[in-house]
1. Does VAL23 satisfy being surrounded by 13 or more Cβ atoms within 10 Å (Cβ to Cβ), modelled with pLDDT under 80 and within 11 Å of the chain's Cα centre (by Cα)?
2. How about the stretch 34-71: which of its residues are surrounded by 13 or more Cβ atoms within 10 Å (Cβ to Cβ) and part of a helix (DSSP H, G or I)?
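The values are calculated or read from the model by the stated rules, or taken from the named source; none is laboratory data. Quick caveat: nothing in here was measured; it's all calculated off a predicted structure. Counting neighbours? That spans all protein chains shown, and the Cβs are built from the backbone with ideal geometry, glycine included.
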Amino acid sequence: MSSTSYDELWQTAWGDIQRHGPVHRHATEDLTYWRAAVVVLVPGSRNGDLLEATLTDLLGQPPQQVGGVKLWDVRDLPVPPAG
């Protein structure tokens, strides 16, 4: 996600994220553009609980615990055509 998305995410994190609002749309556009397969939250992240809750709301699913990290599988996002 771009730094702009992170700024918007943190500003929005104190309230509910609208599932189809501008923050959600911008974040999913970034993930799609970069062809992301997963979003990872490492242990001990600053504001980790808040970030986990926000990402869970944003991505519409709870994370999986994999190898000591929290992971959201986003491979179901649409992939833009190459080129």
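1. Details: surrounded by 13 or more Cβ atoms within 10 Å (Cβ to Cβ): yes; modelled with pLDDT under 80: yes; within 11 Å of the chain's Cα centre (by Cα): yes.
Here the answer is yes, as VAL23 does meet what is asked.
2. Those that are surrounded by 13 or more Cβ atoms within 10 Å (Cβ to Cβ) and part of a helix (DSSP H, G or I): GLY48, LEU50, LEU51, GLU52, ALA53, THR54, LEU55, THR56, ASP57, LEU58, LEU59.
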